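First comes the structure, then the notes that go with it.
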Amino acid sequence: MNRYFQRYVLRGTAGLMVGAFVLAPCTVLSQTGTGTTEEIVVEATRAQRAAFEIPIAVSVVDENQIQLGQQQMGLDESMARIPGVFLQNRYNFAQDLRVSIRGFGARGNFGIRGVKILVDGIPNTLADGQGQVDSIDIGSAGRIEVLRGAASSLYGNASGGVINITTEEPPAEPFVEGRGAWGEYGYQKYQAKTGARNEKSDYLISASYLDYDGYRDHSQVENRVFNSRFRYRFDDTSELTAVLNLFDSPTAQDPGGITAAQTATDPQQARDRNVLFNAGEAIDQQKIGLRYLKSFDDKHEVIVRGYSLWREFDGRLPFTTGGAISFDRTFYGGGVQYNYNTVLAAMDSRLITGIDVDRQDDDRQRFDNNEGIKGDLTLDQNEKVTSVGVFLQNELDLTPRTTLTVGARYDRIEFDVQDRFLEDGDNSGNRDLNELSPMIGLLWRASDQIGVYANISTAFETPTTTEFANPSGGGGFNPDLDPQKATNYEIGLRGVASDIKARYQVALFHIEVDDEITPFEVPEFPGRTFFQNAGKSTRDGIEAAVVLQPLPGLTTSLSYTHSNFEFDEFDVDGESFAGNTIPGIPKDTLYGEITYDHGIGPFLSADVIHAGNLFADNANRTEVDAYTVANIRLGYRKSFGDWELTPFVGVNNLFDEEYNANIRINAFGGRYFEPAPDRNAFGGVTIRKDFSR
């Protein structure tokens, strides 16, 4: 490990020891501020565990932070508070939200890479490793859990971590709720939902509609989302959960990246070729999933899941040859998991083992894009990806305060392409990728309020079917592209301090990556991204967060991330990028928020996000300026018997900062920039009716 990280480790370890000594006498602080103990329990570890008991960095976002008074345009509205997570691209729906954890995922121009995404226990990440959040109904999301760090020992193809999203829990009393919101740049969003629960069952049904013209030219989006979850408890030991999600987006325009000069002249303009070729996409998707849980006694538990997804996609890129894309996707799979609690040599032991099988089948075609009109066929192929993973993890309580976690997963991922367009030759082929991903973690509970942990874990990340695209322009695979592998070293501390009513966490990490996958563009296909391997890279970082509750209803929070991510070995066409900073990630990010929530009455939240300078290219020739953006939202809950009325207003970019909502890494011709909206306001109202039984 380099000197930079050694300095972090020595200082960080000293800080952890001092913190443990100073805070040891504190008592537990409730999440609700009532003074009673209330543990934060997470499920992203494949079994319910108290966050305090996990030897890995974890953060949780609750329902009010996701929904209350929010514009509900993207998950970044609520997830920006999480250290180690950097989010971009809220306003370009043709590319989806760009999520990176510890730098993994920053390269993804379309979809989310390097992060495993789960929604109600069903994967939103494909067999090839690409995930989407476009179909997630933010207005019915009740909780977001984020595990930061290598997750391959439990989930396979994921270098950066896990995002686990669950639908909100319905109340005991049946309810119906309607919400309407309007704002600048043609923003309007409507939602209706209902739900209830009893001793045997519960359900939540939600439908939303979004129409947004966009800040930039050629950035309109229209979509509809239906989300539902039904749960039935056969008895105290077994339950079945069914989810149904429908997503329809007939319009999502892509304004494209523009140059620095164009940004300075008119940040609202779209790239001319994107307008000429009508760049954008249309999606129609349906997903169903089932999850069955059976507990045989206090020791044995079995979880079985199955799902199927269908997605129809039509897209247009800003060039002629192969610029119109169409595919029909079927994605299905399932898994079995077995949890076993026992005692080994007088030590409590918790075993998790299971198997996941996922299958992705894409019928993909490309046509000429004749200025927005589909032309001649240029590619026709069937792409299949089969992923099989077997995992095992065991937690062993070495002492009442010390837990050792050891785990491993073996994955086999098969890519197969059958070329049906033979005019340029037969480019059929296959790639078989195998990987073993071990991990070991140690947790020491210094007191009932302080936990110190360390872990060493490995991860791998395959190219997706899209990233495997051949830069020669033909079908088949890029023969020069390989998976990237990472080894993660991490130490951390988390705890609570009731004397000052605080919760806090600190994590320090060092990651060594081989064959880093990086994007690039070629002149022949401007606007289309291809990928290549860098030799080696290193990521060192610090993540810290603290939440204070000085008065009932009043909460202040602060999170900070420092990232030092560099290429160690990377040569392209005789030019060395060794020592350069990995593009797309700022060295420093800071988030601060003050929130007041009276319950029934007024609520207010003001937040500020600072993102430091970052580079837009591997050569580090283009540096993007830092920015600081403030947002505010407020409203009032008022009850009228069984009715509740909640008007709200908000202002994004309160001080009218000029910044970029997204940076297109290594874009050809210097078209790196996607400017963000200037100061803009929104408002709305929620009306709710509760029905007494």
Inset, instruction - Determine, for each peptide in 251-263, 431-443, the mean count of other beta carbons within 10 angstrom over its residues, then list the peptides with the highest first. - result: 251-263, 431-443
Legend entry - [x] 69, 59, 49; [y] 80, 68, 54; [z] 124, 62, 48, with the label sought being that of the calculated Cα extents along the principal axes in Å: [x]
Inset, instruction - State which entries of LYS116/LYS689; LYS116/LYS287; LYS485/LYS587; LYS189/LYS638 exceed 26 angstrom in Cα-Cα distance in the structure shown. - result: LYS116/LYS689
Inset, instruction - Give the Rg/Rh ratio for the range 534-693, taking Rg as the radius of gyration of the Cα atoms and Rh as the Kirkwood radius, to two decimals. - result: 1.15
Inset, instruction - Using a Förster distance of 25 angstrom, determine the FRET efficiency expected from the C-beta separation of GLU169 and TYR340, and round it to 0.05. - result: 0.35
Inset, instruction - Lys and Arg at +1, Asp and Glu at -1: add these up for the other residues within a Cβ distance under 13 Å of GLY139 and post the number. - result: 0
Inset, instruction - Sum -39500 (n - 2.57) across every DSSP H segment of at least 4 residues in the chain, then divide by the residue count to get the 222 nm mean residue ellipticity, nearest 500. - result: -1500 deg cm²/dmol
Inset, instruction - Could you order peptides 113-122, 622-631 by the average number of other Cβ atoms within 10 Å of their residues, highest first? - result: 113-122, 622-631
Inset, instruction - Using Cα centres only, tell me the gap between the range 153-199 and the range 412-484 in whole Å. - result: 30
Inset, instruction - Would you please put 187-194, 375-382 in order of how densely packed they are, using the mean number of other Cβ atoms within 10 angstrom per residue and starting with the highest? - result: 187-194, 375-382
Inset, instruction - Determine the relative contact order of the chain: mean sequence separation of Cα pairs under 8 Å and six or more apart, normalised by residue count, in whole percent. - result: 12
Inset, instruction - At a Cα cut-off below 17 Å, give the lysines reachable from LYS200, other chains included and same-chain residues fewer than 8 away excluded. - result: LYS294
Inset, instruction - Quick one: net charge around ASP419, please, counting Lys, Arg +1 and Asp, Glu -1 for every other residue with C-beta under 15 Å from its C-beta. - result: -3
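None of the figures in this text is laboratory data; all of them are computed from the coordinates on show. Please read these numbers as outputs of a predicted model, since none were measured by experiment. Methodologically, a virtual Cβ is constructed for each residue, glycine included, from the backbone with ideal geometry; neighbour enumeration extends over all protein chains shown.
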